[in-house]
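Here the structure comes first, spelled out in structure tokens, and everything after it is commentary.
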Amino acid sequence: MMTIAEIRGSLPSDALMTVEGLPFKKIASGKVREIFDLGDRLLIVATDRISAFDAIMPNGVPGKGVLLTQISLWWFARAAEVMPTHLVPEHDAAVAELLKDFPQLAARSMLVRKLNPLPIEAVVRGYLAGSGWKEYKKTQAILDHALPAGMLESQKLPEPIFTPSTKAAQGHDEPITEARCEEILGAETFAKVKKATLELFALGTKVADRAGLILADTKFEFGTDAAGNLFLIDEVLTPDSSRYWPQEGYAPGKPQPSFDKQFVRDYLESLDWDKQPPAPALPADIVARSRDLYLGALEKLMSI
């Protein structure tokens, strides 16, 4: 794991939009990450691409992949107190050795076990925001979770709730009830996933509080090995997968400033764009502000 100073020093001036030249088989290219097959392990490299409304912007945010990877590694070290993670043993040394001929990629790379990803995203909410707020205004509930009447936007929920979604290969993920999630995963795996999700959220909430942050909601992903053991995979508690608010100035009844992509979404909402590809390029000031937000979240967390 790198220090804040090392991370700052590793941030590039130009955005890395794709990963080429590695002597490994590329097996997947997501909105941000590119995945390479190493036999019994996978190499995951985070690019500087940024997406919103399921569309990838034509220009990226320089260093975003480094920041996402380093935040994830920082959180994975803490999440290991709750459950096993997909990182290989002696992770940083293994990455350095693997990428010794490509040192510019090391800070944005994770070397992980090859596991079977579960077909759901484990979303957990502690506050009433985003799509949860929109649904609450219509139904006074979020999926199968009935909530008290008269709640305000950004208000803390009586307790965190598990609101999983499907993982769509294309298009939008779809929110599902706990009952549907149990049908998909099976009762035993569902119980383990829900328990792990709430425990990880409790850990994240506690740590974020020490950093002066409110963890409003997040999503986790899990995978299993051949024996059915559950592992935490993908990214964890990053500004891409989580909604962080500063504690200072928090006031229910309105949207909160956040250390995540909401800033970019708000900009895109102001455009005459139908949210279908191709996406518009982001102006330089939006790119710079985005990087500042990602870096700000990292520095607040890693300074505690």
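Using every pair of alpha-carbon atoms in the chain, split the distances into 10 Å bins beginning at 0 and state the percent of pairs per bin, rounded to integers.
Reading the bins upward from 0: 6, 27, 37, 25, 6, 0.
Express the Stokes-Einstein translational diffusion coefficient of the range 14-152 in µm² s⁻¹, to the nearest whole number, given a Kirkwood radius over alpha-carbon pairs, 10 °C and a viscosity of 1.306 mPa s. Intermediate values should be presented prior to the final figure.
Values: Rh = 17.5 Å.
After rounding, the answer is 91 µm²/s.
What lysines could a cross-link reach from LYS275, if we take a straight Cα to Cα line under 16 Å and drop same-chain neighbours fewer than 8 places away?
LYS31, LYS261
Of LEU232, ALA196, ALA208, which is farthest on the positive side of the dipole of the range 181-235, counting Cα position, with +1 on Lys and Arg Cβ, -1 on Asp and Glu Cβ, and the Cα centre as origin?
Of LEU232, ALA196, ALA208, it is ALA208.
Tell me the label-point distance for the pair GLN140, LYS26, using the 7 Å Cα-to-Cβ offset, in nm and rounded to one decimal.
Label at GLN140, label at LYS26, 5.2 nm between them.
If each of GLN104 and ASP173 carries a label point 7 Å out from its Cα toward its Cβ, how far apart are those two points in nm?
In this crude label model, GLN104 to ASP173 measures out at 3.2 nm.
Considering the options GLY253, THR163, PHE53, tell which one lies farthest towards the positive end of the dipole of the chain, charges being +1 on Lys and Arg and -1 on Asp and Glu at the Cβ, about the Cα centre.
Among GLY253, THR163, PHE53, the one farthest towards the positive end of the dipole of the chain is GLY253.
Arrange the peptides 87-96, 109-118 so that the one whose residues have, on average, the most other Cβ atoms within 10 Å appears first.
109-118, 87-96
When the convex hull of the C-alpha atoms of the range 179-271 is computed, what volume per residue in Å³ does it have? Please list the in-between numbers first.
Details: hull volume 13.4 nm³, N = 93.
Per-residue hull volume (Cα only) is 144 Å³.
Using the membrane-span-like helix rule (whole DSSP H runs, Cα extent along the own axis of at least 24 Å, mean Kyte-Doolittle hydropathy at least 0.0), which helices of the chain qualify?
Helices meeting the span and hydropathy rule in the chain are 187-210, 284-302.
Just the number, please: carbon plus sulfur as a percent of the accessible area of the chain, 1.4 Å probe, no ligands or DNA/RNA counted.
It is 52 percent, rounded to a whole number.
For the chain, what is the charge dipole size about the Cα centre, in debye to the nearest 20, if Lys and Arg each add +1 at the Cβ and Asp and Glu each add -1 at the Cβ?
Roughly 280 debye, rounded to the nearest 20.
Over the chain, what is the relative contact order in percent, taking alpha-carbon pairs closer than 8 angstrom and at least six residues apart?
20
When all alpha-carbon pairs of the range 220-304 are counted, what percent fall beyond 15 Å?
70
Quickly rank 187-195, 43-51 as a protection proxy: mean count of other C-beta atoms within 10 Å, highest first. Working shown, then result.
Numbers: 187-195: 15.7, 43-51: 22.9.
Packing order, densest peptide first, comes out as 43-51, 187-195.
Send over a whole-number figure in Å² for the accessible area per residue of the range 149-304, probe 1.4 Å. Intermediate values should be presented prior to the final figure.
On the way: 7510 Å² over 156 residues.
Per residue, the range 149-304 has an accessible area of 48 Å².
Given Cβ point charges of +1 (Lys, Arg) and -1 (Asp, Glu) and nothing else, what value in debye, to the nearest 20, does the dipole of the range 1-153 about its Cα centre take?
My answer is approximately 300 debye.
Measure off 7 Å from each Cα along the Cα-to-Cβ vector at ASP274 and ARG289, then give the distance between these two points in nanometres to one decimal.
2.7
State the answer as a single residue: which of LEU268, ALA279, LEU68 lies farthest towards the positive end of the charge dipole of the chain, with beta carbon charges of +1 for Lys and Arg and -1 for Asp and Glu, about the Cα centre.
Of the candidates, LEU268 comes out farthest on the positive side.
The values are calculated or read from the model by the stated rules, or taken from the named source; none is laboratory data. Small disclaimer: the values here were computed from a predicted structure and weren't measured. Cβ coordinates were reconstructed from backbone atoms using ideal geometry, including for glycine residues, and neighbour counts include every protein chain displayed. With ligands, DNA and RNA removed, areas are computed over all heavy atoms of the protein, side chains included. Shrake-Rupley method; radii C 1.70, N 1.55, O 1.52, S 1.80 Å.
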